[in-house]
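These notes are about the structure you will find just below.
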Amino acid sequence: MNINSEASNDISFDDFQLQILKDYEIAVTSRECSLLGRREVLTGKAKFGIFGDGKELPQLAMARSFRDGDFRSGYYRDQTFMMALNLLTPKDFFHGLYATTDITKDPMSAGRQMGGHFTTFSLNEDGSWRDLTKQKNSSADISCTAGQMPRLLGLAQASKIYRNVKVKNSSKFSDNGNEVAWGTIGNASTSEGVFFETINAAGVLQVPMVISIWDDNYGISVHAKHQTTKEDISKILAGFQRDEKNKGFEILKVKGWDYTALIHAYENASDIARDEHVPVLIHITELTQPQGHSTSGSHERYKSEERLQWEKDNDCNKRYREWILENRIATEEELKTLEKNIKRLVRSARKEAWEEFLAPHREQKKILVNLLENAANSSINKNFIAKIKNDLIAIEEPIKKDMASKARKALRYLLGESSKEKDLLVAWTNKFLEESQTKFSSFLYNEQSNNALNVPEVKPSYDPEPALVDGRLILRDNFDVLFEKYSQALIFGEDSGAIGDVNQGLEGLQKKYGELRVADVGIREASIIGQGIGMAMRGLRPIAEIQYLDYIFYALFTLTDDLATLLYRTVGKQRAPLIVRTRGHRLEGIWHSGSQMGGLIHLLRGMYILVPRNMTIAAGFYNTLMKGNEPALLIESLNGYRLKEPRPNNLGELCTPIGVVEVVRPGEDITLLSYGSTLRIVMQAANELKEVGIDAEVVDAQSLLPFDLRQDVLKSVKKTSRLLVIDEDVPGGCSAYLTHEVVEKQGAYEYLDSAPQTITAKPHRPAYATDGDYFSKPNSEDIFEKVYNIMHESNPVYFPKLR
Ligand SMILES: Cc1ncc(C[n+]2csc(CCOP(=O)(O)OP(=O)(O)O)c2C)c(N)n1
Ligand SMILES: [Mg+2]
């Protein structure tokens, strides 16, 4: 549908005039920030700048239709939208540019993200939820193009859930599902696969999502002809348009300089999405980049003279101004006065922000100069320290690094001396480093008391003669209790609904809890995770299922860029307690035996990663996670669903502690640390080793992130003096991580009588069938022989050579 210019008919003409001038004021303010922002980078005050110039007008229209409770999931061009909603002031804007590490000054990320990444607070200081229905919400941006798409789907789907499922205590999150999730994306970023994946999923799910495409014909220097078939994204998406017979999208196309058409389109989109829960796509064409893509280059290098001239003539702010004059909404004189005032206001906001950015640094500088002077005067290396002090004095606009570096270098000249002055310098340095480090490193994980790590253990309890049942039944019955207990819990994945997952761990639960809470979804891992992230950000407790661990890589970018960094990049102001359920480790062949734990534990810092060896422990982990607030990846043992386990009588209640290892077999001679499916093989080898007089202690890591917070493995090594880590990842993968944890972090090297060693899978993928497994993954003979050789090396007489 092409939208024609026509005034919105919901408000009076006087009000409309006022609105127009207010919008013009915001457009000019935002533009002035962009222009000055670029200068701040070019003069060296800020490191990088990417701005919203050339995209002002459609964002004003979007802001007009955005209501309390709504969510934005967008990208770095959206400063005008944020300003229109009073969520970003010019001063905030400059603080973001300078990277001020104070959240009250840079509310977007306390300096952690570059400018242009927009956030609102979902959480109070104590970690409790704010009332999200009483504020306008922006989910925290990430830089990765189209990375905002998966989460957008979940933010929209939450409304659908709240409208159709009875969720207890949901008043802070939704008013009957009336909230719209608003996405924004650049034209070139629609080339990403996840854009198409998400669009398709939103059409299938019919969720209230309005996605705007800011089309300026370029993605940095690359023209639309290299990006988009027919150079026209709405044209090629036309097949998604809904009609009388089929559900789908409403697709609108509007020119980015046409104010009335924009206002009309956004009102229309808002109504369709909000009332009908139909997704809407708005293609905004003819946008420009007055200053090029970012501060990293100039667009004169790659745009033709004609294009540059066209952009000047069609700059949305310029055309808006012309339209205001043509329609006599204001005079030239009035606009000039307005523009002059705005210039002054933005300049003073910039000045104030810069002064505020520097103020705490200058204060610390004064203290440090004093300390250095006193230390110099009391030292035999007076001249060297005085030089450092003078160098610091010469830095007029100091940053933290200047002070940290100078203080630490000065201390080298005080080696071996002892004085009160030195002690004071040491104390200042330690405190300064600690406080500064916190500003950059806090909130990788939840630092509040509502953390799953604080959930007390509840051991499984058993009837006197418990039934031995398939592992999958333990999971199923545990999920049953969870869904009963938590009305905000829901699970979805490929085959998770009607058949109750590929291993029947959810058998019958869709019938009981409905198709929205136990749901089948398309084959689209990235947006499955996105669904989970978005819903978790709106107070639901989703469990997103990735059918096999081997396929998590199709979602890995969303997990690592979005979910794992969310708490960190918002300095604890937003969270998504999403549980990712999957199954992995050895089963059959290259694509169903993955145990790529090294990759995952490195890429997913910020999440918990749990690898239970059986389904009772897995059930306990789910229960613990539901009581906490952290995102987690839980990998069930793929070959454990049909193994018999005694059925606990406290399913839904038992809680496995996170970050705690379990000694599964006590022993004296060597510590065998393992996890997951491999652990069963380690146990078999340990029993066989007993026959040759080797008494191995077997420890199940269970929780890789975090690992062994009580340092129980160290206790084990203190007793055995030997350590072998066994897993089925590649050499140097997770086994190297575990060895680092035990030997270096826990300090076990002091107690070792033999070199710490690892047994892993081969570096290639696991080959098919039983022999493929035997020769690809560690087997019990490998473990037996490795342990035997370690013992042989330490006592060749008692343990003669084996082969
Ligand atoms: C996944 C990913 N690939 C590449 C980049 C580098 N990059 C940043 S912006 C950009 C161009 C985006 O163009 P478009 O989507 O049209 O947005 P515009 O900047 O034109 O508004 C690229 C390639 C990135 N940030 N993320
Ligand atoms: Mg573009």
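The values are calculated or read from the model by the stated rules, or taken from the named source; none is laboratory data. Note that the coordinates shown come from a computational prediction; the quantities given were computed from them, not determined experimentally. No Cβ is skipped: glycine too gets one built from the backbone with ideal geometry, and neighbour counts run over all protein chains shown. When the accessible area is computed, the model is the full protein with side chains, heavy atoms only, and any ligands, DNA or RNA have been set aside. Shrake-Rupley method; radii C 1.70, N 1.55, O 1.52, S 1.80 Å.
For all pairs of alpha-carbon atoms in region 132-259, what percent lies in each bin of width 5 Å, listed from the first bin to the last filled one?
Calculated over all Cα pairs of region 132-259, the distribution is 2, 9, 18, 21, 19, 15, 9, 5, 2, 1, 0 percent.
Dividing the alpha-carbon Rg of region 158-214 by 2.2 N^0.38 Å yields what?
1.35
My understanding is that a pair violates if its Cα-Cα distance is over 28 Å; which of Lys45/Lys745; Lys136/Lys400; Lys247/Lys511 do that in this structure?
Pairs exceeding 28 Å: Lys45/Lys745; Lys136/Lys400.
Check Gly52: other-chain or 5+ apart residues with amide H under 5 Å from its amide H, H built from backbone geometry?
Gln79
Carbon and sulfur together cover what percent of the accessible area of region 212-251 at a 1.4 Å probe radius?
After summing per-atom areas, the C and S share lands at 47 percent.
What Kirkwood hydrodynamic radius, in Å, does region 587-652 give when the mean of 1/r is taken over all pairs of distinct Cα atoms and then inverted?
13.5 Å is the Kirkwood radius here.
Run the numbers for Ile499 and Ser419: contour at 0.36 nm per residue of separation, minus the present Cα-Cα distance, in nm.
Computed gain between Ile499 and Ser419 is 21.4 nm.
In whole angstrom, note down how far apart the Cα centers of region 351-383 and region 458-512 are.
Each part reduced to its Cα centre gives a spacing of 61 Å.
When only DSSP loop residues count, what GluC sites (Glu not before Pro) in region 687-740 have their Cβ near at most 16 other Cβ atoms within 10 Å?
Glu691
Determine ³J(HN,Hα), in whole Hz, for all residues of region 577-594 in sequence, where each value follows from phi through the Karplus function 6.51 cos²θ - 1.76 cosθ + 1.60 and θ = phi - 60°; x replaces Gly and Pro.
The phi angles translate into x, 8, 9, 9, 9, 8, 9, x, 6, 5, 9, 9, x, 4, 9, 9, 9, x Hz.
Quick check on packing: order 772-778, 523-529, 206-212, 158-164 by the mean number of other C-beta atoms within 10 Å, highest mean leading.
In decreasing order of mean packing, 772-778, 523-529, 206-212, 158-164 become 206-212, 523-529, 158-164, 772-778.
For region 44-101, what is one quarter of the convex hull surface built on the Cα atoms, given in nm²?
4.7 nm²
Scattering from the C-alpha atoms of the chain alone, worked out with Debye: what is log10 I(q)/I(0) at q = 0.07, 0.08, 0.11 1/Å?
Taking Cα atoms of the chain as identical point scatterers yields -0.63, -0.79, -1.23.
Got the relative contact order for region 47-139 handy, in percent, Cα pairs under 8 Å and 6 or more residues apart?
33 percent
Using a Förster distance of 51 angstrom, determine the FRET efficiency expected from the C-beta separation of Gln437 and Asn327, and round it to 0.05.
For R0 = 51 Å, the calculated efficiency reads 0.35.
Would region 645-777 count as rounded, prolate or oblate if I go by the C-alpha gyration tensor, calling it rounded below 1.5 in a/c and otherwise prolate when a/b exceeds b/c, oblate otherwise?
rounded
Taking 2.2 N^0.38 Å as the expected size of a compact globular protein, what ratio does the Cα radius of gyration of region 1-159 give against it, to two decimals?
1.10
Assuming a ≥ b ≥ c are the square roots of the Cα gyration tensor eigenvalues, decide whether region 233-290 counts as rounded (a/c under 1.5), prolate (otherwise, with a/b larger than b/c) or oblate.
Oblate, since a/c reaches 1.5 and b/c is not below a/b.
Can you give me the long-range amide H partners of Glu636? Hydrogens built in the peptide plane at 1.01 Å from N, cutoff under 5 Å, separation of 5 or more residues or another chain.
Amide H neighbours of Glu636: Thr582, Arg583, Gly584.
Just grab the label-to-label distance for Lys485 and Ile523, each label 7 Å out from Cα along the Cβ direction, in nm (one decimal).
The two pseudo-label positions are separated by 3.6 nm.
Which pairs break 23 Å Cα to Cα here: Lys409/Lys431; Lys105/Lys340; Lys225/Lys245; Lys401/Lys439; Lys105/Lys406; Lys172/Lys439?
In this structure, Lys105/Lys340; Lys225/Lys245; Lys105/Lys406; Lys172/Lys439 lie more than 23 Å apart at Cα.
Give the residue from Gly534, Gly292, Ser234 lying farthest towards the positive end of the charge dipole for the chain; charges sit on Cβ (+1 for Lys and Arg, -1 for Asp and Glu) and the dipole is referred to the Cα centre.
The residue sitting farthest along the positive end of the dipole is Gly292.
Per DSSP H run of at least 4 residues, take -39500 (n - 2.57); add these up for the chain, divide by its residues and hand me the 222 nm value, nearest 500 deg cm²/dmol.
-13000 deg cm²/dmol, from helical runs alone.
Evaluate the charge dipole of the chain about its Cα centre and quote only its size in Debye, nearest 20, assuming +1 on the Cβ of each Lys and Arg and -1 on the Cβ of each Asp and Glu.
Here the chain has a charge dipole of around 1700 debye.
Based on the Cα coordinates of region 536-580, what is the per residue volume of their convex hull in Å³?
Dividing the Cα hull volume of region 536-580 by its residues yields 63 Å³.
How far apart, in nm, are two points set 7 Å out from the Cα along the Cα-to-Cβ line at Lys690 and at Lys235?
Result for the modelled spin labels: 7.5 nm.
Between Ile590 and Glu668, what is the spin-label point distance in nm, taking each point 7 Å from the Cα along the Cα→C-beta axis?
Using points 7 Å along Cα→Cβ, the separation is 4.9 nm.
Amide H to amide H, which residues 5 or more places from Asn629 or on other chains are under 5 Å from it, using H placed in the peptide plane?
Residues meeting the criterion, in which the H sits 1.01 Å from N, are Ala452.
Find how much the distance from Asn430 to Val458 grows on full extension, using 0.36 nm per residue of separation minus their present alpha carbon separation; answer in nm with one decimal.
6.0 nm
Probe radius 1.4 Å, ligands and nucleic acids left out: which of Tyr749, Tyr413, Tyr445 has the largest accessible area, and how do the rest follow?
Tyr749, Tyr413, Tyr445
Find, among the trypsin sites (Lys or Arg not before Pro) in region 304-373, those assigned to loop by DSSP (not H, G, I, E, B) with at most 10 other beta-carbon atoms within 10 angstrom.
Answer in residue order: Arg328.
Charges at C-beta only: +1 for Lys and Arg, -1 for Asp and Glu. How large is the resulting dipole of region 364-418 about its Cα centre, in Debye rounded to 20?
The dipole of region 364-418 has a size of about 160 debye.
May I ask you to give the solvent-accessible area per residue for region 251-389, in square angstrom, as obtained with a 1.4 angstrom probe?
I get 49 Å² per residue for this part.
Using 0.36 nm per residue, how much length does the chain from Phe48 to Arg67 gain when fully extended, once their Cα-Cα distance is taken away?
Stretched out fully, the Phe48 to Arg67 stretch lengthens by 3.7 nm.
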